[in-house]
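A.B. asks: The structure's right below; bear with me while I get my questions together.
The values are calculated or read from the model by the stated rules, or taken from the named source; none is laboratory data. Nothing here was measured: the structure is a model prediction, and the numbers come from that model. So basically every Cβ, Gly included, is an ideal-geometry build from the backbone, and we count neighbours across all protein chains shown. Just the protein is used for accessible areas: all its heavy atoms, side chains included, with ligands, DNA and RNA removed. Shrake-Rupley method; radii C 1.70, N 1.55, O 1.52, S 1.80 Å.
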Amino acid sequence: MRSWRGLVLLFLLLLFFGGIYGYLTLNRFETSGSVNLAGLKNPVTVVRDEKGMPYLYGDSLEDLFRAQGYIIAQDRLFQMHLTRMVVLGRISEVVGADAVVLDTRMRTLGFHRQAGEHLKILNDETINYLRQYVAGINAYINDGKDSHPLEFTLGGIALENWAPVDVVAIMYYMGWRSAANMQTEILSQMIIDKIGIDKFQEIAPININPDDPPDSLQVAASEVHLNTNMRPQLARYDSTLMGYFHEAAQHQGIGSNNWISGSEMSAGGKPIVASDPHLDARILPGVFYACGMISPDFRTVGVTVPGIPGLLIGRNEYLANGITNAYGDAQDLYLETLAPGQPDHYLENGEAKPFEIRKETLRVKDKEASNGYREKEITVRATPRGPVISGVMPNLKTKRVLTVRWAPFESMQPSLGFEYLLLSKSAAEVREKLRMASTLHVNVTFADIDGNLGWQTTGRLPIRSTGESIAPVDANLYPNNWTGWVPYEETPGQLGSEKGWIGNANNKTTAWNYPYYYSSYFASSYRYKRLKELMALPGKKTVDDHWQYQRDELNVLARSVAPLLVETLEKHPETETLARIMADWDYLDRIESPAPTIFQATYRHLAKLTYEDELGDTLAATMLDTWYFWQERFQKMVTEGASPWFDRQDTPDQQENLEMLILLAGKAAIEELRTSLGENPGEWLWGKVHQMTYTNPARRSGIGKEWMGDGPYPMGGSGETLYRALYKFSDPGEIVFSAAMRMVADLSDPDKVVAVLNGGESARSFHPYQKDQIPTYHSGKKIYWWFSDAAIQANKMSELRLMP
């Protein structure tokens, strides 16, 4: 028996080390010497540093785009392939039947189809850049077969060449993922169906611009077009619609911080730009890819998303920039009334019109099929507003479906704008080039070496005759409520700053008297309020100051609310210990402190107690998972101390108030935390429950998941701090959204940019650069993107020549 067990153990060890050897062997791709890259006009030199970050030296932008495609494919081909297959609605070819629903959504939304239409109007220069980039990708696919990532072999995944349309489709997909208003419109309507408009107005979202005068608070609710004839069955029982809802919810925490200290505020006498985009960075090797692109005409370092050419965030010789999500409302939902007796027609002003109908065929991986795949046909219906994204709504007086309309599909420009960082030489030039960036809605913040500061929102927004867009519009009554576009010159943005700095944190940036409707959904104001406090501190700002500000753990929400919790909890013996710990708290969400754990648990339970009895457990959970929807309103209710929502409807013989709910919340927090952390509240440390775990896409579950991933890493901060680490309300045990990278670019420093990826450069499993930056990211240690030739050469680890 022992001999048998020994043989099994020996076999497993051989298999283990053999697998490692295979991975390491197949992770050897060319980083030195020379490689032929057809189509180049002149050689391109690729220098890699100690992080594996490539710096591309070429004579022209065309050559650099081709080389960038080739080098990114070396490092990120598996990641790029999966992204492309998702966007094209073909991921079921890779993973099988589990992805059919996702593919159906992607085909219905039609990113790839719309990208084909966009290609028809792009100017020759943009088309040329796209062709160069995909030619580089395809060169590696076709000529670098011996060094393709092992994931393709293990998964039996066939590679295909890329085309310019794929790049444009990915850009649309990025824009769609950063939008949020479709989900909030569905959520608003669900709540209205449950409790009515009057009660909804009591908990409707509040959006605060901290730069507005204190008396200009605006409530983001409108009664202009809210539908009252729908029923709770609208969303909760339509699986098709809820699929879109939950898919959108996965990206609901997308955000970012970015800011600039002007020349007079900066120690080096030139602006300093700080940027840290907040995304779901748990899938290795992370969202962003860092590289340098250098020619006789420009010098740039920064990051892009694999599959998109150029650089999105970074610096060149003249300026630097950062990006945050602007949450511009580019999505509208419409209730389409089916024509009686004509299920393939809908009504506009009472007139029956035919749906546009197209058939799509999915190819689904199936080991039972003779050729390994089976086909599934789907039907997509659309109106002039957009595709149908629901089944027929039940329990309505008339049969209806929902369609979605999205502004980027109707506001195509002749350029995509991705080259703005490479070619711009001034703040004013950046703002002008961003005019073309119509596929997504972000705040781009920028500064140049002459001290000019600015920020600009991208994307076009419709002018709506129906006012604010917070719930679906009746398409029969308002078939075309988009009456025009907000002029680019009047979109949110500015050049210059009287206060000497510019910044935002996904908060509402439009002034109280802004003449157009921009959005009903923004981040809570806590991060930006804290940024204002830090930027108001005396003294000139250094790179180290900005780097620390990105890791600032002070919780502005807790500073406002925790004393109110303490005031109640200290009166009762069973919660007195919680009160004492929070009373001694400095409101820093540090991993070694128990106070953040107690505050977050108590506040979560207080919110649940407030909303669950009237909304029901399921709808309340759905709303509470959408943090920005309720946080500002709930804080206002708590700090004011009186709201009819504090009286629970499930206890008709008793009238509760806020103090009673706080006590119940404290008791619930004790029960929850004792179960997971033990009896001693002093040991309920934030770092024990607030952690980040990384997953390898090649092994998302099962044996080896932890080994091929990374973590868990205890992490300070929270959803309310500049050091952002947001968990899902209904699953507080794991951080979902955090900074996918951090950058501080000092325009007075000619040699380097402080920056770190939340992951690594390579998507290859077991590659030394797949997750090597994660410990540095969590420790706060500074590492660099090199900028000058001298610095790049001093940190060179390899050099590859790409030859024509």
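A.B. asks: THR483 passes all but one of (1) free of Cβ contacts under 8 Å to residues at least 40 places away in the same chain; (2) assigned to a loop (DSSP other than H, G, I, E, B); (3) among the β-branched types (Val, Ile, Thr); which number fails?
C.D. replies: Unmet condition: (2).
A.B. asks: Could you please let me know if MET797 is of a type outside the set (D, E, K, R), modelled with pLDDT of 95 or more, loosely packed, with under 15 Cβ neighbours inside 10 Å and touching an Asp or Glu at 6+ places or on another chain (Cβ under 7 Å)?
C.D. replies: It is true that MET797 is of a type outside the set (D, E, K, R), modelled with pLDDT of 95 or more, loosely packed, with under 15 Cβ neighbours inside 10 Å and touching an Asp or Glu at 6+ places or on another chain (Cβ under 7 Å).
A.B. asks: What is the residue count in the stretch 409-450 for residues that are in a loop (DSSP other than H, G, I, E, B) and not charged (D, E, K, R)?
C.D. replies: 16
A.B. asks: Which condition breaks for LYS51 when tested against (1) modelled with pLDDT of 95 or more; (2) not in a loop (DSSP other than H, G, I, E, B)?
C.D. replies: (2)
A.B. asks: Say we look at the stretch 569-593 and pick out the residues that are assigned to a helix (DSSP H, G or I) and open to solvent by 10 Å² or more (accessible area, probe 1.4 Å); which of these is farthest from MET743 (Cα to Cα)?
C.D. replies: The selected residue is PRO573.
A.B. asks: May I pose another question? Would you check if ASP103 is farther than 15 Å from GLU761 by Cα, in contact with a helix residue (DSSP H, G or I) (Cβ under 7 Å, 6 or more places away or on another chain), open to solvent by less than 10 Å² (accessible area, probe 1.4 Å) and charged (D, E, K, R)?
C.D. replies: yes
A.B. asks: Only one of (1) in contact with a His (Cβ under 8 Å, 6 or more places away or on another chain); (2) surrounded by fewer than 17 Cβ atoms within 10 Å (Cβ to Cβ) fails for ALA669. Which number is that?
C.D. replies: The single condition ALA669 does not satisfy is (2).
For every residue, the table says whether it meets (1) among the small types (Gly, Ala, Ser); (2) in a strand (DSSP E or B); (3) farther than 21 Å from LYS728 by Cβ.
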position	(1), (2), (3)
ASP544	no, no, yes
TRP547	no, no, yes
SER560	yes, no, yes
ARG604	no, no, no
TYR611	no, no, no
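A.B. asks: Taking the stretch 675-705, which residues are of a type in the set (D, E, K, R) and assigned to a strand (DSSP E or B)?
C.D. replies: ARG699
A.B. asks: Then there's this: Residue by residue through the stretch 189-216, note down the ones that are within 27 Å of the chain's Cα centre (by Cα), modelled with pLDDT under 90 and either within 24 Å of PHE409 (Cβ to Cβ) or open to solvent by 30 Å² or more (accessible area, probe 1.4 Å) (or both).
C.D. replies: Correct list: GLN189 only.
A.B. asks: In the stretch 135-181, which residue that is small (Gly, Ala, Ser) and not in a helix (DSSP H, G or I) is modelled with the highest pLDDT?
C.D. replies: Once the filter is applied, the top-ranked residue is ALA163.
A.B. asks: Something else about it: Mind listing just one residue for me: the one in the stretch 279-303 that is in a strand (DSSP E or B) and modelled with pLDDT under 95 and, of those, nearest to MET535 (Cα to Cα)?
C.D. replies: Among them, the one singled out is LEU279.
A.B. asks: Related question: Does the stretch 477-515 hold any residues that are more than 30 Å from PRO538 (Cα to Cα) and open to solvent by 60 Å² or more (accessible area, probe 1.4 Å), and which are they?
C.D. replies: Those that are more than 30 Å from PRO538 (Cα to Cα) and open to solvent by 60 Å² or more (accessible area, probe 1.4 Å): LEU477, TYR478, ASN480, THR483, TRP485, GLU489, GLU490, ASN513, PRO515.
A.B. asks: Let me ask something else. Tally up the residues in the stretch 457-476 that are surrounded by 21 or more Cβ atoms within 10 Å (Cβ to Cβ) and out of contact with any helix residue (DSSP H, G or I) (no Cβ under 7 Å at 6 or more places or on another chain), please.
C.D. replies: 3
A.B. asks: So which pairs qualify, if the first residue must be in the stretch 62-81 and assigned to a helix (DSSP H, G or I), the second must be of a type in the set (Lys, Arg), the Cβ gap must be under 8 Å, and the two must be at least 6 apart or on different chains?
C.D. replies: Partner pairs satisfying both residue conditions: GLU62/LYS41; ASP63/LYS41; ASP75/ARG764; PHE78/ARG764.
A.B. asks: Starting from residues that are closer than 30 Å to ALA267 by Cβ and β-branched (Val, Ile, Thr), keep the ones in the stretch 421-456 and report whichever is surrounded by the fewest Cβ atoms within 10 Å (Cβ to Cβ).
C.D. replies: Checked the stretch 421-456; the qualifying residue surrounded by the fewest Cβ atoms within 10 Å (Cβ to Cβ) is ILE449.
A.B. asks: Got at least one residue in the stretch 119-134 being in a helix (DSSP H, G or I) and closer than 30 Å to TYR518 by Cα?
C.D. replies: Checking the stretch 119-134: at least one residue is in a helix (DSSP H, G or I) and closer than 30 Å to TYR518 by Cα.
A.B. asks: Another question, if that's okay. Across the stretch 373-384, what is the number of residues that are over 24 Å from TRP406 (Cα atoms) and without any contact (Cβ under 8 Å) to a residue 24 or more places away in the chain?
C.D. replies: 3
A.B. asks: Name the one entry in PRO697, PRO681, PRO714 that is at pLDDT 95 or above and farther than 30 Å from ARG648 by Cβ.
C.D. replies: Among PRO697, PRO681, PRO714, only PRO714 is at pLDDT 95 or above and farther than 30 Å from ARG648 by Cβ.
A.B. asks: Within the stretch 304-323, can you find the residues that are under 26 Å from SER520 (Cα atoms) and either modelled with pLDDT under 95 or open to solvent by 10 Å² or more (accessible area, probe 1.4 Å) (or both)?
C.D. replies: ILE323
A.B. asks: Follow-up question, since we're still on this one. Here are the criteria: (1) on the phi > 0 side of the Ramachandran plot; (2) in a loop (DSSP other than H, G, I, E, B); (3) not aromatic (Phe, Trp, Tyr). Tell me which single one ASP329 does not satisfy.
C.D. replies: (1)
A.B. asks: Do we find a residue being without any contact (Cβ under 8 Å) to a residue 60 or more places away in the chain, within 21 Å of GLY116 (Cα to Cα), out of contact with any Asp or Glu (no Cβ under 7 Å at 6 or more places or on another chain) and of a type in the set (Asp, Glu) anywhere in the stretch 342-350?
C.D. replies: No: the stretch 342-350 contains no residue that is without any contact (Cβ under 8 Å) to a residue 60 or more places away in the chain, within 21 Å of GLY116 (Cα to Cα), out of contact with any Asp or Glu (no Cβ under 7 Å at 6 or more places or on another chain) and of a type in the set (Asp, Glu).
A.B. asks: On to the next question. Among the residues in the stretch 218-226, are any under 19 Å from SER730 (Cα atoms), among the polar types (S, T, N, Q) and at pLDDT below 65?
C.D. replies: For the stretch 218-226, residues under 19 Å from SER730 (Cα atoms), among the polar types (S, T, N, Q) and at pLDDT below 65: absent.
A.B. asks: Okay, next question. Can you give me the number of residues within the stretch 357-390 that are more than 30 Å from LEU338 (Cα to Cα), assigned to a strand (DSSP E or B) and either among the hydroxyl-bearing types (Ser, Thr, Tyr) or open to solvent by less than 20 Å² (accessible area, probe 1.4 Å) (or both)?
C.D. replies: 2
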